[in-house]
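Every number here is computed from the coordinates shown, using simple stated rules; none is lab data. From a predicted model like this one, the values you see are computed outputs, not experimental measurements. We place every Cβ from the backbone using ideal geometry, glycine too, and count neighbours over all the protein chains shown.
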Amino acid sequence: MEKQKDAALQRRKCSRLLLFPLPLQGHINPMIQLAEILHAKGFSITVIQTKFNALNPEIYPHFTFHTISDGLSDSEASKINAITLILELNSRCIAPFQCALSKLLAESSLQDPIACLISDAILHFTRAVADSFKLPRVVLRTGGLSSYCAFSLFPLLIEKGYLPIQDARLEEPVLELPPLKVKDIPMIKSLNLESLVELVNLMVQETKASSGLIFNSFEELEQPALVRLQDLLSIPIFPIGPFHKYFPATSSSLMTQDKSCISWLEKQVHNSVIYVSFGSLAALDEKEFVEIAWGLANSKHPFLWVVRPGLIAGSEWLEALPNGFLDTVDGRGLIVKWAPQPEVLAHPAVGAFLTHNGWNSTLESICEGVPMLCMPRFTDQPVNARYVTNVWRVGLALENGLDRDKIEMTVKKLMEEKEGEEIRERMLQLKGKASLCLNLGGSSHQSLESLASFISSF
Ligand code: UDP
């Protein structure tokens, strides 16, 4: 048995994988974590990256990096928003990616053959390019299985009249996607419906036309969605998450993490702090920001708040904060520009996470057993939040307009009341499942073994 394992590892050592992340924080993190996981399984790793948000190769001496042009000028790159970036990369990277594959495949040898491409699902153009070289393509979807189900059913949602969304129907259930309501259907306000539908359909179609699909999720968390997707997509699906728990934290952070918040957390009481973050892309308007500030202050709980430059539309950083606000809260609040989030969530002082429910944040919170206060903003976040509050029941919703009294009341409910205690208990059980699935024989462990064999069979 051991001999067979060694032989498999030896064979994989000769196999190189090309990994191509979408260059946004919430996509780079899981792709680099996946690279670490597959490297530990014996594969050699080449990361293909765009100049935009390129990682420093010196941090990963065990990987090879190949940087391609994204066709963006410095001035375009400095002000581009995430959606325009996605649309542009899917057209401007075709030729540079073709060149890169042609060069990498020509350089590969019998000793170092390339087994496949693993590309972010959103980089849909990579399917046709990989096919033209007869290179198998496996897809990494960095969001959850349940939100991917919603994306896959966009044509049905249009046919049934849920899309375009009508304001009068926001609270209606989507019968085909329980427990989602119409207002939870993934949307992006800055993109018109036609362009969004085109992007989503391309992501889904080009995934279907690929060899396999990897998720940073685990079977026990999203089993019904897994079954449904297996039916819808007819390609093998590998839920092998949570990725970040395979190894001690390695950071692929694009911004400097302010570690001073850890020493601040050291001084706080166990389970007392509300950690607040809206991830790397979401924005708040000034009014929302001020209401959150007062809601937190009035709750009287300590809080650690990530306010990244650009979070508040129209402000550089904290200009919108009422004068003397931090003095008013008397040392109970700390604001940083960017935090070492997984470390923060793992800190015993943190008792709740006020989050936008990006998938990475949601999963990181589950893995540390931290109950959530859900303030989703766009795309898959409302779906994730609905699952947190209504399916796993490990958090409370903050929806339908943000006002300080609602925020104060909801924080107190989670931190001080019986309902909050029950949520915390359920969250600890879910944390246990997130940990067990990675153990020998656990669902993600088994799925990773299948993935490694699958890739080795190309
Ligand atoms: N993150 C971080 N420091 C912060 C805030 C976020 O390191 O101060 C990381 C977080 O751990 C997560 C990622 O950034 O891995 C954000 O991904 P997510 O899917 O939650 O949201 P997105 O940024 O894509 O909206």
Report the dimensions of region 33-124 along its three principal axes from the alpha-carbon atoms, largest first, rounded to Å.
42, 26, 23
Ranked output for segments 52-59, 237-244, 31-38 by mean other Cβ atoms within 10 Å, highest leading, reads 237-244, 31-38, 52-59
The ³J(HN,Hα) series, computed from each phi in region 234-239 with the Karplus coefficients 6.51, -1.76 and 1.60 at θ = phi - 60°, rounded to the nearest Hz and given as x for glycine or proline, is 6, 10, x, 10, 10, x
Roughly how many debye, to the nearest 20, is the charge dipole of region 353-413 about its Cα centre, given +1 on each Lys and Arg Cβ, -1 on each Asp and Glu Cβ, and no other charges?
160
In whole Hz, the Karplus estimates of ³J(HN,Hα) for region 123-130 (6.51, -1.76, 1.60; θ = phi - 60°; x where Gly or Pro) are 7, 5, 5, 5, 5, 5, 5, 4
Amide H proximity to Lys181 below 5 Å, modelled H, separation 5+ or other chain, gives Val174
Can you give the relative contact order of region 1-141 as a percent, counting alpha carbon pairs under 8 Å and 6+ residues apart?
26
Show that you can apply the helix-only estimate: for the chain, add -39,500 (n - 2.57) for every DSSP H stretch of four or more residues, divide by all residues, and state [θ] at 222 nm to the nearest 500.
-13000 deg cm²/dmol
Nonlocal amide H pairs with Met372, under 5 Å, H built at 1.01 Å:
Phe353, Gly395, Leu396
Looking at the chain, send over the antiparallel percent of its DSSP beta bridges, to the nearest 5.
0
As straight-line cross-link partners of Lys208, the qualifying lysines (C-alpha separation under 17 Å, not fewer than 8 residues apart within one chain) are Lys134
Selection from Pro173, Leu163, Leu145, by position along the positive dipole direction of region 120-183 (Cβ)
Leu145
Filter Lys79/Lys431; Lys41/Lys337; Lys79/Lys287; Lys181/Lys287 down to the pairs with a C-alpha to C-alpha distance above 29 Å, please.
Lys79/Lys431; Lys41/Lys337
Projected-area mean, region 260-375, by convex hull of Cα positions, square nanometres:
6.4
I need the trypsin sites (Lys or Arg not before Pro) found in region 217-272, filtered to DSSP loop residues with at most 15 other beta carbons within 10 Å of theirs.
Lys259, Lys267
Once a ≥ b ≥ c are taken as the square roots of the eigenvalues of the Cα gyration tensor of region 225-289, is the result rounded (a/c under 1.5), prolate (a/b larger than b/c) or oblate (a/b not larger than b/c)?
prolate
Taking region 310-458 and dividing mean pair separation by its residue count, relative contact order in percent (alpha carbons under 8 Å, at least six apart)
16
Placed amide H near Ser251: partners under 5 Å, 5+ positions off or other chain:
none
Quote the charge dipole size of the chain about the Cα centre in Debye, to the nearest 20; the model charges only the Cβ of Lys and Arg (+1) and of Asp and Glu (-1).
1120
Spacing of the two label points (7 Å from each Cα toward its C-beta) at Lys433 and Ile165, in nm:
2.7
Find how much the distance from Gln230 to Ala106 grows on full extension, using 0.36 nm per residue of separation minus their present alpha carbon separation; answer in nm with one decimal.
41.1 nm
Using the Karplus equation 6.51 cos²θ - 1.76 cosθ + 1.60 (θ = phi - 60°), what ³J(HN,Hα) coupling, rounded to whole Hz, does each residue of region 88-100 give in order, writing x for Gly and Pro?
5, 4, 5, 10, 6, 8, 4, 5, x, 6, 4, 4, 4
What lysines sit close enough to Lys433 to cross-link, taking a C-alpha to C-alpha distance under 20 Å and skipping anything fewer than 8 places away on the same chain?
Lys245
Value in Å of the Kirkwood radius, where region 382-447 supplies the Cα pairs that are averaged
13.5
So for the chain, averaging the separation of alpha carbon pairs under 8 Å that are six or more residues apart and normalising by length, what relative contact order in percent results?
15
I want to check the label-to-label distance for Thr64 and Ile80. Put each point 7 Å from Cα in the C-beta direction and report it in nm to one decimal.
2.6
When the convex hull of its Cα atoms is projected in every direction, mean area for the chain (nm²)
22.0
Roughly how big is region 41-90's charge dipole about its Cα centre, with Cβ charges of +1 (Lys, Arg) and -1 (Asp, Glu), in debye to the nearest 20?
200
